[in-house]
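Only one structure is covered here, and it is reproduced in the block below.
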Amino acid sequence: MKAFGYVSAPDLAGALEAVAAGARPLGGGTNLVDLMRADVERPDTLVDITSLPLTGVEELAGGGLRIGATVRNSHLAADRLVRSRYPVLAQALLAGASGQLRNMATVGGNLLQRTRCPYLRDHAAACNKREPGSGCAAIEGVHRGTAVLGTSEHCIAAHPSDMAVALLALDAVVEVQSLRGTRRIPLGELHRAPGEAPHVETTLATDELITAVELPPAAVARNSWYRKVRDRASFAFALVSVAAALAVRDGEVVDVRLALGGVATTPWRAREAERVLLGAPATEETFRRAAAAELTSAVARPDNAFKIEMVQRTIAATLRRLATEGGAA
Ligand code: SF4
């Protein structure tokens, strides 16, 4: 592990100055510090932002929520307004990591966590994320947990966050600040597909700090659910996951939100499936047709091909549940 400097930000302006000077923001440290220990991340300086006043969950006019960037995942999962208005978000948070990690991990850090592809930490293997241009060991190697959507010949790693999948389904907007001002990024534009440059994972500039996430009001979100399929019941990343919200009137889908995790290189909004669902009868046949439509662009490798069928079944099961029993916090 490389030696590094540590400063505690006295206020937001101080944090922005430090980030502009090259420091990496430190929230819970549950991913960044792990990667520093593995010599994958090598920052010269960390600026601790956990004492900044970014810890609130505030109600916005109109019924939305503003969530501070350093709100802990466990705090957010337990928030009364999140549980009642956006149950899919509370469920996604509780499906992630372990209780101890959720107590430490922050909202901003969760959004920026890096893939758990084992080759990222394996200095003996080629990995375009760790060493651009070196190749991708996963394509011919161990790739059962990798993505089938949004991949490139340079990287097939799955995005690891559960929370981000729920936030994407909810049309969240990320607020970022720098010494140059404030910018608002729709969550769907924060993460970059690997393309030719897998090591560039977000659209954040190096001097920008995530300060908040905003959720717009969404009546449909009250009937929402996060379903995660994994190898063991807790403390495991998703093989596939589905964040869904559904409104049905007179047997017809009148509103729907659908996002996928575990199957794509970024949190994946299932726009094609939403298009099939909207205005169609809320039936098993529609749910399966929508799921199949979303996966037409999937690219499978020998050991991750099972995800294509698994995620289609999970989409259909999640929608079926929301159409019949409804979601639950
Ligand atoms: Fe690295 Fe991505 Fe290939 Fe994994 S899939 S080895 S993270 S380039």
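Only helices (runs of 4 or more DSSP H) whose full extent lies in the range 75-114 are considered here, and the ones with at least 1 residues that are open to solvent by 30 Å² or more (accessible area, probe 1.4 Å) and under 23 Å from L32 (Cβ atoms) are 87-95, 99-104, 107-112.
Scan the range 207-232 for residues that are open to solvent by 30 Å² or more (accessible area, probe 1.4 Å) and closer than 21 Å to V256 by Cβ and the total you get is 9. Could you tell me whether any residue of the range 184-193 is over 20 Å from the mean Cα position of the chain (by Cα) and at negative phi? No: the range 184-193 contains no residue that is over 20 Å from the mean Cα position of the chain (by Cα) and at negative phi.
Scanning the range 130-171 for residues that are closer than 27 Å to A18 by Cα and of a type in the set (A, V, I, L, M) returns a single hit, A164. Inside the range 278-297, residues that are in contact with a helix residue (DSSP H, G or I) (Cβ under 7 Å, 6 or more places away or on another chain), of a type outside the set (G, A, S) and over 18 Å from A166 (Cβ atoms) make up a count of 6. Evaluation of A164 against the conditions (1) without any contact (Cβ under 8 Å) to a residue 12 or more places away in the chain; (2) more than 12 Å from the ligand (Cβ to nearest atom); (3) under 24 Å from S297 (Cβ atoms) shows that the sole unmet condition is (1).
When the range 233-250 is filtered for residues that are open to solvent by 20 Å² or more (accessible area, probe 1.4 Å) and not hydrophobic (A, V, I, L, M, F, W, C), the ones remaining, listed by number, are S234, R249, D250.
Just one of the numbered conditions (1) touching a Lys or Arg at 6+ places or on another chain (Cβ under 6 Å); (2) not assigned by TED's automatic domain parsing to the domain that holds A77 is not true of L258: (1). Annotation note: of E153, E189, the sole residue that is acidic (D, E) and more than 16 Å from the ligand (Cβ to nearest atom) is E189.
Looking for something open to solvent by 10 Å² or more (accessible area, probe 1.4 Å) and closer than 29 Å to I139 by Cα - is there at least one such residue anywhere in the range 175-189? Scanning the range 175-189, I find at least one residue that is open to solvent by 10 Å² or more (accessible area, probe 1.4 Å) and closer than 29 Å to I139 by Cα, so the answer is yes. Is it the case that A20 is open to solvent by 30 Å² or more (accessible area, probe 1.4 Å), of a type in the set (A, V, I, L, M, F, W, C) and at negative phi? Taking the combined requirement at face value, the residue satisfies it. Filtering A125, A172, A157, A138 for residues that are within 23 Å of R72 (Cα to Cα), in contact with a helix residue (DSSP H, G or I) (Cβ under 8 Å, 6 or more places away or on another chain) and either in the same structural domain as S297 (by TED's automatic domain parsing) or open to solvent by less than 40 Å² (accessible area, probe 1.4 Å) (or both) leaves a single hit, A172. Do we find that V142 is within 10 Å of the ligand (Cβ to nearest atom), in a loop (DSSP other than H, G, I, E, B) and within 27 Å of L295 (Cα to Cα) in this structure? Answer is yes for this residue.
The values are calculated or read from the model by the stated rules, or taken from the named source; none is laboratory data. Quick caveat: nothing in here was measured; it's all calculated off a predicted structure. In this analysis, Cβ positions are derived from the backbone assuming ideal geometry, glycine residues included, and neighbour counts consider all displayed protein chains. What goes into the accessible areas is simple: the full protein's heavy atoms, side chains included, and nothing from ligands, DNA or RNA. Shrake-Rupley method; radii C 1.70, N 1.55, O 1.52, S 1.80 Å.
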